[in-house]
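Step one of this worksheet: look at the structure below.
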Amino acid sequence: MPSIQIDIVSDVVCPWCYIGKRHLEAALVMLREKHADLSVTTRWHPFQLNPDLPSEGIDRRSYLEDKFGGPARAKEIYARVGAAGTVAGLALDFDAIERQPNTLAAHALIALAQAERTDARTGDQHSEANGDASSDTEVTDRIVEALFKAYFVDGRFIGDIEVLIDIAASCGMNAVTTRSTLRDAFALDRIASADASVRAQGISGVPFFVFNQKLALSGAQPPAALLDAMDQAIA
């Protein structure tokens, strides 16, 4: 059975990462047309575009002024990003974003979903608090998608733990477990360490894709480029 393991380094406040996710999904559709029995495993890795932001985030306008020299320049840049998003089937609403969040807790939520998925695959039902999420191997993708949508489409402040708990619950995760994890200093430190480890490997921009631990691609590459890389990794 052909198989592909996909490691994805990204941040949920990176628009190119959202676009890259759509491109990857399109590439996987094409790959499954070639391999009907294809086995796909994905794993998400944290990368914070703005690791130094406070936990409460900062005003979006202030962020844009510091990063781009003002909202006018940012609007010009985001117009191009928005156009690329439209082509990928996304309706990105940058104007709806009021605060720029720190994403450490959001990445901890993704890690929690991934840990529950792993427990489900190994049959480790270690806690009733896992709920339905532990039996759903797609929960991680639903969480990542929900975080991207909340930020880029709905304009929600995903630096707020209560918002993250609501997102987790909407994806079938247990609110009590989620709250405990997102307030756990050790869990957050592990995310920061994972982020540092990724940077130590030389990854400085996202999205970044690794296929079968053999081939890597950086950026929101078009579906055809991702398909070619996956074909080579499988071969």
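See the values below:
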quantity	calculated
Residue match in the stretch 8-25 (condition: part of a helix (DSSP H, G or I), within 18 Å of the chain's Cα centre (by Cα), within 29 Å of Gln232 (Cα to Cα) and of a type in the set (Asp, Glu))	yes
Tally of residues being among the aliphatic types (A, V, I, L, M), over 25 Å from Val153 (Cα atoms) and either loosely packed, with under 14 Cβ neighbours inside 10 Å or within 16 Å of the chain's Cα centre (by Cα) (or both) across the stretch 167-187	2
Selection status of Val163, at pLDDT 95 or above, under 30 Å from Ala88 (Cβ atoms) and surrounded by 15 or more Cβ atoms within 10 Å (Cβ to Cβ)	yes
Odd one out for Ala196 among (1) more than 17 Å from the chain's Cα centre (by Cα); (2) without any contact (Cβ under 8 Å) to a residue 24 or more places away in the chain	(1)
Residues within the stretch 32-69 that are under 22 Å from Gly85 (Cα atoms), hydrophobic (A, V, I, L, M, F, W, C) and in contact with a strand residue (DSSP E or B) (Cβ under 7 Å, 6 or more places away or on another chain), tallied	2
Count of the stretch 26-49 residues which are of a type in the set (A, V, I, L, M, F, W, C) and part of a loop (DSSP other than H, G, I, E, B)	4
Residue ID - farthest from the chain's Cα centre (by Cα), chosen from residues in the stretch 207-217 that are of a type outside the set (A, V, I, L, M) and surrounded by 15 or more Cβ atoms within 10 Å (Cβ to Cβ)	Asn212
Subset of the stretch 29-44 [more than 19 Å from Ala146 (Cβ to Cβ) and either surrounded by 22 or more Cβ atoms within 10 Å (Cβ to Cβ) or in contact (Cβ under 8 Å) with a residue 24 or more places away in the chain (or both)]	Met30, Leu31, Lys34, His35, Asp37, Leu38, Ser39, Val40, Thr41
Asp189 being acidic (Asp, Glu), outside the structural domain of Arg80 (by TED's automatic domain parsing) and farther than 30 Å from Val29 by Cβ	yes
Checking Ala133 against (1) at pLDDT below 95; (2) of a type in the set (A, V, I, L, M); (3) under 23 Å from Asn50 (Cα atoms), the condition it does not meet	(3)
Flag if Pro15 is outside the structural domain of Asp189 (by TED's automatic domain parsing), surrounded by 19 or more Cβ atoms within 10 Å (Cβ to Cβ) and out of contact with any Lys or Arg (no Cβ under 8 Å at 6 or more places or on another chain)	yes
Conditions (1) under 17 Å from the mean Cα position of the chain (by Cα); (2) surrounded by fewer than 18 Cβ atoms within 10 Å (Cβ to Cβ): number failed by Phe47	(2)
Counted residues, the stretch 179-235 - those being among the polar types (S, T, N, Q) and either within 18 Å of His107 (Cβ to Cβ) or touching a Phe, Trp or Tyr at 6+ places or on another chain (Cβ under 6 Å) (or both)	7
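The values are calculated or read from the model by the stated rules, or taken from the named source; none is laboratory data. Just so it is clear, the structure is predicted and the values come from calculations on it, not from any experiment. We place every Cβ from the backbone using ideal geometry, glycine too, and count neighbours over all the protein chains shown.
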